[in-house]
Structures are given as C-alpha cells and as structure tokens.
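S.K.: Sharing a structure, written as structure tokens. Questions coming.
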Amino acid sequence: MTVRALILRAPGINRDRDAALACTLAGAVAERVHVNHIARKRVKLADYGMLIIPGGFSYGDHLGAGKLLAVDLAHRLGEQLQRFVADGRPVIGICNGFQVLVKAGLLPGWEGHSEPALTLTHNTSAHFECRWVRLEADPGSTCHFTQGLAAPLEIPVAHGEGRIALRGETDLAELLARGLVALRYYAEPGVPVGYPANPNGSTDNIAGVCNEQGNVLGLMPHPENAILPQQHPRWTREPWRDDGDGLIIFRNAVRYAVSL
Amino acid sequence: MAQFFVTVASREATHPETIQTIYVLEGLALRLADVARLATELLHDPVTETVTWRALTLDELMVEPLPAAAHMLEVAYRPGVTDNAGESVLEGARRLGIAVLDQARMVRRYLLTSGVDPAARAAELTIDLVQTSLIAVPGIDHRSRLRFYQDLISPPAHVQPRVVRVALREADDAELLRISRDGILALDLAEMHAVRDHFVALGRDPSDGELETLAQTWSEHCSHKSFKAKVRYRRATPDQRAAALDPQLYPAFHLLEQDEVELNSLIKTFLMAATERIVAPESAAAHFTLAHGSLRLPEHAWVRSAFVDNAGIIAFGPAHEVSFKVETHNHPSALEPFGGANTGVGGVIRDVLGVSAEPIANTDVLCFGMPDTPAEALQPGVLHPQRVALGVVAGVRDYGNKLGIPTVNGAVLFDSGYSANPLVYAGTVGLAPRDAHPRNVAPGDVIVLLGGHTGRDGIHGATFSSIELTHDTAATVGSAVQIGDPITEKKLLDVLLQARDQRLYSAITDCGAGGLSSAVGEMGAGCGAHVTLERVPLKYAGLQPWEIWLSEAQERMVLAVPPTNLNAFLALCEAEDVEATAIGTFTADGRLRVNYKELEVVDLAMEFLHDGLPQRVLEALWQSPERQPIHAAEGAALPASANLLLQLLAHPNISSKERVVRTYDHEVRGATILKPLVGVALDGPGDAAVLQPVATMQRGLALGCGINPRYGRIDPYWMALAAVDEALRNVVAVGGDPGRTAILDNFCWGDPRQPDRMAGLVRAAAGCYDAAVAFGTPFISGKDSLNNEYRDAAGQRVAIPPTLLISALAEVPDVRRCVSMDLKQAGNRIYLVGATRAELGGSHLDAILGRDGLAGQVPQVDLVAARATFAALHGAITQGLVAACHDLSEGGLAVAAAEMVLAGHLGLDLELDALGGELDVTTRLFSETPSRFLVEVRPGDAAAFESVLAGVALVELGAVQHEALLRLRADGQIVAEVELDALRQAWQAGLSWM
C-alpha cells in the first residue's frame, strides 16, 4: 500500500521540497499542498496517510515563530486537523512546523491543561544558528517514529527560536512521566550536553516532543536535510554512509502509516 | 475612531535591558473585545509573556501601571516605512475573523536604568531614516506618549493628483544643472542638453514624470554609462615589466602600454569581447572587438545568456540551466545597514526570478571599515564599522533565511577605505529547466504588476546610488532606504515558478531601480507600452502619479501576460494570496505612455528613452603609485615568524568567520554538499561551497569568489588577474572543472569622472579580459557600482579602494569526488603546487606590519602556468588522488598550512628549502603569489599524483603528523612551531565582537 504524504505549504514555509524528497525516499507519495487549498476544500486532509508541516518562517514569524500559521490552522483547518490527529495518523512538524504544532496546542496536546505549559522561544544565544547536532531518542517516549533509534543521529539545526521553555516547575516531570520527550540533544557518551551540542539552551536538552498517542512528533532539527550520504558534513573524511541519519524517522512514519 | 494599545512583556528576565513590545491598533469599528482576542490569541506567548490592553486615551495612559525604569525608550518604524510586525497583526486579525482592524504598528520599548544616558542609547538603537523614537519617564510623559502612538497611525494627508511641467526649453546651463541637482536627477550638462533639445523639437516642456523617467533610465545605475563611455586612456610612464610579458597572453596589458588609446565602451571591449572569444572563437573578431558589434552566442553554446538578461545563464546537464547574478547595495547599506543589505539580497533574488529560475543559493561579500576604528576618526554622518557590519550581516541573514535560500559562499573584508562607504555584494544562483525563460513580449500582452504594494519608499534609488555620499545624504534622499518584506517575496517566488511551468507569461522582469519606469520601459522597449497608474495598489494615499511611477517599493515583479492567459494567471495568484494587478498593455506604437486617470503623466518615444542618452567621453590617466623597486623583507627587524603567523590569523580579514556563517542557513534545500565550514569540528574555512542542485544527478556546482582591494591600490590590472585567479583557485580546490567555469565581474569604484579613478577602472577591465581569455572562463554577467565616494562638508572627497569582485560558478563532474581542505590522515604527503615568487606588495603581511602596502611587487598571475596548474590539479582530483586541497591566498603558505591544521586537528611538519633558496624565509612563508595550492596526497597515490601534475611546479614539503601542531623548517632550522590550540585561539579571536 502506498502512503500519500501531504507536505503543507504556507506563506514563508520553505523546506517543503526537502520534506517531500525525504518522504519520497522513505517510500511515500509526497504532495506539496498549499494551506489555502485545504481551507477552501479543494483538497481533503482525510485523503492523506500522513502530514508534514515543514520548516520555514510562516507568515514571517513576526509575532513569534509559528504563531500566525498556528492561528490560521486552528481557525481554518481546526476540525479536519483534529480528526486527522485523533485518527492516529502520523503528523510531523519540523522546526517552524514544530513551533506551529506547539502554538496550535497540538503538542504536547496533553489532557487537563487549559493553559499552554510549553513553548518554543528565542535561543539562549539570541540569534539564529545553523549547525549539525547529535540526537538521541528517549526510550521512554510514546513516539512511534523514534523508537529504538541508535544514538547518535547526526542532523542539522537551523533556527533562532528553538528553545523549549516550560511554564511551571512540575511541567518537566509531567512531560517525562507521560513519555512526551521524544528526542534530546546529545554530546558524547558520559559528556554533559552544553552549548553548542544543545544549540538553543532547551530545557533538559529537549529537541523533539510528541503527543500521548505517539502519532504527532515535533522536532527542531531537520531530518529532511540528513537523508543523503553526501549531505553529512564530514563525508569527505569519514567512511561513506548508505543514507543520512534522518531518513529513518520518515521511514518509521511511513511504515507506521501503512500499519494503520 | 477607536484606538487601542497592547503591551507585551517577557516573564523571562534574560535581557539586561528588558524589552517590551507595544502594538498600536486602530479601527473605525474596533471594540475592546476584539483587542482582547487579538492580545490573548495572537499577540503574546502565554508561557513566556504577559499581555495587557487598553484604549489609547490620555486617561488610560495615566492609570496604566508602568515598569520601574529611569527612562523608557520607545522605537518604531516611521509611518509609511514597512512594519512587518504590524502587517502580521493585520493578517492575523483577518485569520481570526476580525475584519474591523484597520491599522497596526509595532513599538519596541527599552527600559533603561538610571545609569544609562537615554539620548545616547536612542542614537544607538534608532536608525533615524526609517525609525522614530521617544524617550519618556514612566508616570510623567503621558501626553508625549499619546502623541507618539497616534502619529504612528495617523492617515497621510490626501493630495490632489497632478502633473507638473518643468520649464526646460528656456533653461540656460546653470538652470539645467540646478534642475538636475535639486531633483536628484544625477544628469550632467550634456545629458540635460539632450533632454532639452528633444523637448524643444517637440515644442513642449517635459512633465515631472517624463523627466524622472529619463533620469532613472539614463542613470549610472540603470544604463552603466561610464562602462559604455568613450574613454581616452593615457599613462604617465611606461611599465618596465611590459617587455617580459608575452603580448599574445597579455594583449590588454600591451594595449594600455600605447602612449594614448581610445576605448569605445569598457564592457564591449574587455568583457563581452572576452566572452565571445571564448564561446565563439571561430566567429570572434580580432582582440577587443565584437564580431557583430554586440555579443551573439552560438545556438548550442554552453553559455546560454550573457550580459542581456537580469542574470547570466549557463547550461547544466542535459535538461537544466543555471543562472547567476551578483549585485551591490552599497549606499543604502551605508545609511541603514539592516534594510540596505536586506533589500539588496531581495533585489538580486528578483534578478534570478527575472530569468524564470528558482533561487538555489546566495552569496555575500561584505567590505567594512576597520572594526577598531575610533569613533572620533569617523566622518560626520557615518555609522561605526562594527554597527554597519552587524546590521548588514543581520540583513543578509534575515532575507536569505526567510526565503529558504542557503547562503553558502562569501567573504568579509575590512579596510579603512570602506569606513564611509561600505560595500555589500549579494549574489543569487538560480536553477531552471532548459530554455524555460520566455522573452516574447507581444503587443496586446497585459502588463501585470505582481507582489507588494507601492508606497513612497525607494524613490530616487537609482539616481541616489549614482552620486557620492555626503554628511547630509541621509536627510535629502532618506526615502531611498527601505525595509524588506521577505515573505511577500517568498509568496511571489512560489507562484512565479508555477506560472513559468504552466507557461502563463511571455516575459518577466523585476521591479528594481527606477521602479515601474525602468521595468515597463525596458520590457516595452521594442514595441511600446501604456500604463494606467490609478490601478496600482498603494500602501497608503497621498502619492503623486510620478511617485507611483518611480517608487522602488520592494517585492514587485512586472510580467507580460497574453490576454488569453490572464484569468488563469490571476487565479493562480489569488489561490496563494499573492496580489496581481493588470496595470496596462504592451502596444505597437513605440511609445511609453502613462496615465493617471485622465492626466497624462508620460508620453515618450521608446527610441529616445533608450537611445537618446549621449555617449559619455571620459578621460583616464594612469599614474602608477610610487613604490620601492624591491621589497625588503627585513628579516632581522621582523618579529619571529610564529608571531607574524599568529598576528595574521587574528587579522579580521583572515580570522574565522564562523560567527557570521552560522547565522546564515546554509543547509536549506539539502543540496549543500560541501559546506562553508568543514573539518573535524566543522570550523575550518572551506575554499568553495559545492551544491548538488538536482538530487537525482551527481553533477554539482562549485561557488567561489576572488577579491583583494589591497592589490588594487598598487595596480588594478594585476588585482583583476589575481581576483580571477583566486575565484578559480577556490572552485578548482574543491573539484570544480576550470574548463567549465563561468565568471561574473562586479566593479565597485569611485567617481569615473576623475581621470585617476577611470584609469584604474580601465586597467581592471583590461585585466579581466586577459585573465578570462587565458583561462577560458567567460564572463556571463557583471555590474558596476561607481561613485562610491564620500564628500565631507569641506568638499574633500574620499574614494573607496578600487574593488573588483570576481565570482566563479564551476561545474563539478561528480560531487562524490569533491575534496575539502581539512587534513585527513597522519602519514599523508603534502605538496605545494605552483611556483612561489617574492610578491609581498599589497600583502597581508604588510597590513599587520602597518605598512601602506604600496611597497614591493604586487602578485602577478603567470597565465600559462596558472592555466596548466588548474587543469592538472583538476585532473588529479577527478581521479581521486587528492585527500585534501587548500588554496593559498591572504597570508600565503603559512596561513594556508595553519588553516589545514586547524580544520583537520592533525599536524604538519613542512620543510621550505625546496621553495627556492633565493627567497628569504619571510617571503617563502607569507608571499601571496597566486595560482598555488597545498595538497595532501596518500602515500600510495603519490606517484600517480606526481605524474598527473607533470610539467607543473610541484614541491613536496613534508607530511601530515599526529601531533596537532604546525612546524615550519627552513635553512636547517625550525622557523616556526605553533600548537593547534594557539593557532585556534588567534584565529577565532579576530572577530569576537561579531
């Protein structure tokens, strides 16, 4: 069975082609669709097996990263999107897409919180940074796409607002208890993670968050830019890889979509 | 009229000078409940921020609780200047279904403690040209705050549209010059005569719109009249080296050795003629003459378009083409660094859209004054180099990152000569299906304006860039400086590529300098055009017709759409919320006609507009700067070589640019196969970036650049050769094919009417010819930015150092064969490729020793040896014989070796005796002789490597060591030994303020 992946386009989204290539290499049929086409009912979200909200600067990010597209999605696609998530279909928000999912309340999407407890805000360095980082999956996570990934995954980040900030002191414990931390920044075995291994100062080195069902994943790094061997920054000095480290996340998502 | 304000404050006390954000909102029917929704749902992040909202009245301001601070400094964009945050609030309100919000402006508030001088801080945080600020004491200045906020949202005064006739026919020379100067027309007397004579013959005076149209189209910026001028070139004394240079290889050098030579257009003589000789050698005429008087490319040439379109185009693989354009945005960046650089990047991206291509990479080369310049040494009205640099880098970052175009290559240079006039070169590479770019305007096609709204912004940009800067430029042509809106351009890009693939338009161009007047005037040059200005969507009321016609408001393109495609095109735009408006039609009457309703704004013959500009005649007199015949390296008097090396590594031109590069997204599109930063810790300075534009094809593109204004101070001819050589070295070092490399020229110069400046320009252009022809690398595009001078209040003029940027775009046969510059493995051998000569004139060794750089021999390119070297090295790389390769540039051999150590975390032990015993050690270490590389080769490949490089100057210097240090030996002694940590410390400390 082939999986149709909807790659969401919106004003200022700019890694849609990258995400489409990653989905294609992972075995899905990728279609880049503008948000207006869904809002104007020319395309139905329900016809797709998975949804990617790619990176970029949606609407310019002038009111906080992802905020305006989050408002747009909530007001124009709210019901369709909620049903898609409730159906358990895979949703991956990358970078700006992660920010959108968080600000739209779909991540962490936990029950019993009337006020948002988690956000993505300005890097501690106070500026945009593009660099390769290492990631490890949290074995306690509910996420279906990051289970059993061998650390470290090498993947680039490119963002200015990627720091996870939590509102209350107990929120981190709750996040962990519910298995909602999917990915963390990682250094070397036994080495504490500081800057720049954690490029944005994120709480508990969190790089990716999922919902309790495990079908919605948001992450700041760009696995779609780590799918080909020659995208790796040290391929000229290291043994040749078969794939980029990020491809497995898309493969897992496609496999999961097929299983539904 | 209901007015409100929303205040957003951070819960996180991370910033020492707490910042708050205020949104001023206005709407005829806006209610407090609407504002409450906006505030809670749109304008704040509930996790990290608090929000309050109030009606904007004196009473509310008086009862509003304010934070504790000695002063509040509030900064906002002036009314009429793009306020992207404010626009986002309007967009968000529409998305929330709140249709009653009419205006929104954002204000940034800084809370200053008592020790801070508010006026000084205001000067630091406000760019007066585009921003306004208020200093208020909390709890006291209610009235001034009310007025400040209300001014931001007060509607502009309505004006009666009118067309003014300018009394030109009766004007004498003094009056003509006054009209040109007061109107910022930048036309000289001969040009004003031509305009006057034209209208005398017509029996009427020109309208304001007509005069402005002519001034824009005839500006240096749009017409490149100095590059097309007739030039009488003379030299003060013959060059003694001429006899040693082969006239066949250096024909342009010898041409300039005549007692007097007349050149008809530098661009035709030296740049287009070079391309023709390379691309169409069988039809090419004798040197310096175009066979047909204009450049014609053979049907199946690898070069698809040169010097005619908005960008140069070359074939790429069987089914694609690649375009490349580099532009400058110097004067706007001098006045408003962020906005100037931001809109510069936006502009060059539109150049690539203007050849129907998808932008796939950006480059930026930036030249600033020395970062340690004392504030009191700056000219009045000039921003400090550090402030300029930080603003420019932020502006480049903002536009490129937001458009999703990786910024992959560039350079940052510092020289005291750029203090008053920084340079901002921005380049964009585009990718398109082969021959997808239509150029078929037909009468009857609809003129469609696409993208952003038109405001008063950017008026006189083309003419303003064609005159020198002064202490009061900001006050007189402030409107020429703008703020970009990258997302509008991104939306435009998205629909344009779809429209191209559906073949909906017959021609396209960007709306840049000169605004609609240039864009429509150029597109309709061959047929005619009629525009109705009242249809142009405006940002605000109050613009006169000529202002709409000239506005250089950003993010706009002009298209010719056949009437049968118009509905499909408009529907495509509507589907993605991109504004597209039919504003006129292309005609067959050969006239440019512009109306505002019944008012006739322009009625000009296209022929006069495009061919009526009298050819300039310019004088050039070359006087070689004085220099000592032989450069004394002064071995005994110099500090130890290791110290010199560390000083060089810390020089701002050589030191790590990682702090800049990391703020640019160089990964987006996933095609950056060799990154700008390479090596073990990804902090080594790569020679050139390599892209794999089409993921299914292993063919790549290498992007490099060459620039060295220090050589230009001695002789721009040799600077040009060195710049071409450096750009080629960069791309060859990573695996680019020198036989399949296209280059671009960007000249930044002073006033061409000064014979010394013009002579330098002639020599640089001549150098471009000799280099391009010898290397077989055609010029496909170029640009000149002249009048880069500053005139102080006393009339004293300071020109920038003559600066030529050469950008190279090379094909890489297979990206999997690319080579990075970091040392790979201990035990590998190290070779120096290319001969070393005593060439320390203009070197960076001179710079750190505080010398003026004029003494000594300027580096000269041996064109025979260089071409053979590049070809042979490329052969070795494609055969997989090279483990690492790094070109030698600023700081010579020692710096290049240190950089390889820095990147590879391994050591080098090099023996320099074989370089030639006649050279002293300092020269061997730091000479900047071009066409050289350090190459790492595995022992098993050494014999094959040596045989591929047969005939090229090649010296084995030593081997890679485990121990991470650089050890250099000469004459039986260790002349320098520095550990990796010391190298890194020096190299990374250079730009710590950035």
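S.K.: What do you get when you divide the Cα radius of gyration of segment B:852-923 by 2.2 N^0.38 Å, with N the number of residues?
M.R.: Ratio of Cα Rg to 2.2 N^0.38 Å: 1.33.
S.K.: Let me check against my output: what whole-number percent is the relative contact order of segment A:15-81, with C-alpha pairs under 8 Å and at least 6 apart?
M.R.: 29
S.K.: Taking the protein assembly as shown on its own, what percent of its Cα-Cα pair distances exceed 46 Å?
M.R.: 35
S.K.: Run the helix sum for chain B: -39,500 (n - 2.57) per DSSP H stretch of 4+ residues, divided by residue count, reported at 222 nm to the nearest 500 deg cm²/dmol.
M.R.: Taken over chain B, the calculation gives -9000 deg cm²/dmol.
S.K.: I've got another one for you. Quick one: what does P(r) look like for segment B:62-187 with 5 Å bins over all Cα pairs, in whole %?
M.R.: Histogramming segment B:62-187 at 5 Å steps yields 2, 9, 13, 13, 13, 12, 10, 8, 7, 6, 4, 2, 1, 0 percent.
S.K.: Sorted by mean Cβ packing within 10 Å, highest first, what order do the peptides B:895-904, B:284-293, B:221-230 take?
M.R.: Ranked by mean Cβ neighbours within 10 Å, highest first: B:895-904, B:221-230, B:284-293.
S.K.: Take the alpha-carbon centre of segment B:547-571, take the same for segment A:159-187, and report the distance between them in whole Å.
M.R.: Rounded to whole Å, the Cα centres lie 47 Å apart.
S.K.: Just to be sure I understand the model, the point goes 7 Å from the Cα along the line to the Cβ. What's the resulting A:R167 to B:A120 distance in nm?
M.R.: Modelled inter-label distance: 4.2 nm.
S.K.: Using a 7 Å offset from the Cα along the Cα-to-Cβ direction at both B:E282 and B:A826, what is the distance between the two label points in nm, to one decimal?
M.R.: For B:E282 paired with B:A826, the spin-label model returns 5.9 nm.
S.K.: Go ahead and run the numbers for FRET between A:T24 and B:A29, Cβ-Cβ distance against an R0 of 56 Å, rounding to 0.05.
M.R.: So the FRET efficiency works out to roughly 0.70.
S.K.: Rounded to the nearest 0.05, what FRET efficiency is calculated for B:N264 and B:A582 with R0 set to 51 Å and r the Cβ-Cβ distance?
M.R.: For R0 = 51 Å, the calculated efficiency reads 0.75.
S.K.: For B:D913 and B:D589 in the same chain, what is the full-extension length gain: residue separation times 0.36 nm, less their Cα-Cα distance, in nm?
M.R.: Value of the extension gain: 109.2 nm.
S.K.: Also, I was wondering about something else. Could you derive backbone 3J(HN,Hα) for segment A:87-103 from the dihedral phi with the Karplus parameters 6.51, -1.76 and 1.60 (θ = phi - 60°), listing whole Hz in sequence and x where the residue is Gly or Pro?
M.R.: 5, x, 6, x, 10, 10, x, 10, 6, 4, x, 5, 4, 5, 4, 5, 6
S.K.: Next up: Take every Cα-Cα distance within chain B, group them into 20 Å bins from 0 onward, and report for each bin the whole-number percent of pairs it holds.
M.R.: 13, 43, 34, 10, 0
S.K.: Compute, for the protein assembly as shown, the length of the dipole vector about the Cα centre, with Cβ point charges of +1 (Lys, Arg) and -1 (Asp, Glu) only. Units Debye, rounded to 20.
M.R.: Around 2220 debye, computed over the protein assembly as shown.
S.K.: For segment B:77-137, what log10 I(q)/I(0) values come out of the Debye formula at q = 0.13, 0.18, 0.19 1/Å, with one point per alpha carbon and no solvent?
M.R.: Here log10 of I(q) over I(0) equals -0.47, -0.73, -0.77.
S.K.: Please report the buried accessible area for the interface of B with A, total over both chains, probe 1.4 Å, in Å² to the nearest 100.
M.R.: The contact between A and B buries close to 4800 Å².
S.K.: Over segment A:4-259, calculate the relative contact order: mean separation of alpha carbon pairs under 8 Å at least 6 apart, over the residue count, as a percent.
M.R.: 21
S.K.: When Cβ neighbours within 10 Å are restricted to other protein chains, what is their mean count per residue of peptide B:311-318?
M.R.: The shielding value for this peptide is 0.
S.K.: Let me ask you something else. Based on the mean of other Cβ atoms within 10 Å per residue, sort peptides B:303-310, B:961-968 so the most packed one is first.
M.R.: So the order, starting with the most tightly packed, is B:303-310, B:961-968.
S.K.: If each DSSP helix of 4+ residues adds -39,500 (n - 2.57) and the sum is divided by the residues in chain A, what number results at 222 nm, nearest 500 deg cm²/dmol?
M.R.: Computed ellipticity for chain A at 222 nm equals -6000 deg cm²/dmol.
S.K.: Over what distance in Å are the Cα centres of segment B:822-901 and segment B:82-134 separated?
M.R.: When both Cα centres are located, 50 Å separates them.
S.K.: Could you derive backbone 3J(HN,Hα) for segment A:16-22 from the dihedral phi with the Karplus parameters 6.51, -1.76 and 1.60 (θ = phi - 60°), listing whole Hz in sequence and x where the residue is Gly or Pro?
M.R.: 5, 5, 4, 5, 5, 5, 4
S.K.: Something else: Could you give each residue of segment B:520-529 its phi-based ³J(HN,Hα) in whole Hz, using Karplus coefficients 6.51, -1.76, 1.60 with θ = phi - 60°, and x for Gly or Pro?
M.R.: 6, x, 6, 5, x, 4, x, 9, x, 7
S.K.: Take the Cα of A:E212, step 7 Å along the line toward its Cβ, and report every residue of segment A:118-152 whose backbone nitrogen sits under 13 Å from that point.
M.R.: Correct set: A:142.
S.K.: Excluding same-chain residues fewer than 8 positions from B:K268, which lysines have a Cα within less than 29 Å of its Cα?
M.R.: Straight-distance partners of B:K268: B:K225, B:K228, B:K230, B:K325, B:K783.
S.K.: Something else: On average, how many beta carbons from a partner chain sit within 10 Å of the beta carbon of a residue in B:142-148?
M.R.: Rounded to a whole number, the mean comes out at 0.
S.K.: Only Cα pairs within less than 10 Å get springs; with that Gaussian network setup on chain A, which residue of A:D242, A:D171, A:D204 has the largest fluctuation?
M.R.: Its mean-square fluctuation being the largest, the pick is A:D242.
S.K.: Can you give the average number of partner chain beta-carbon atoms within 10 Å of each beta-carbon in peptide B:91-99, as a whole number?
M.R.: What the average comes to for B:91-99 is 4.
S.K.: Using a 1.4 Å probe, what is the accessible area per residue for the protein assembly as shown, in Å²?
M.R.: Using a 1.4 Å probe on heavy atoms only, each residue of the protein assembly as shown averages 33 Å².
S.K.: Shifting gears a bit: Can you pull out the cysteines in chain A that have no other Cys Cβ under 4.7 Å?
M.R.: A:C23, A:C95, A:C130
S.K.: Give the span of segment A:16-134's Cα atoms along each principal axis, as three whole-Å numbers ordered largest to smallest.
M.R.: Between the extreme Cα coordinates on each principal axis of segment A:16-134 lie 41, 37, 25 Å.
S.K.: Additional query: How big is the gap, in Å, between the Cα center of segment A:1-74 and the Cα center of segment B:357-424?
M.R.: Taking the Cα centre of segment B:357-424 as reference, the centre of segment A:1-74 is 34 Å away.
S.K.: Can you divide the C-alpha Rg of segment A:4-259 by 2.2 N^0.38 Å and report the result to two decimal places?
M.R.: Working it through for segment A:4-259, the quotient is 0.93.
S.K.: List the relative contact order of chain B as a percent without decimals, with contacts defined as Cα pairs under 8 Å and 6+ residues apart.
M.R.: Relative contact order comes out at 11 percent.
S.K.: Got a number for the accessible area of B:E41? Probe 1.4 Å, square angstrom, nearest 10.
M.R.: 70
S.K.: Modelled label-to-label distance, B:E12 and B:R797, 7 Å Cα→beta-carbon offset: nm?
M.R.: Using points 7 Å along Cα→Cβ, the separation is 5.2 nm.
The values are calculated or read from the model by the stated rules, or taken from the named source; none is laboratory data. Not measured: the values here are computed from a predicted model. Ideal geometry is used to build each Cβ from the backbone, glycine not excepted, and the neighbour counts take in all protein chains shown. With ligands, DNA and RNA removed, areas are computed over all heavy atoms of the protein, side chains included. Shrake-Rupley method; radii C 1.70, N 1.55, O 1.52, S 1.80 Å.
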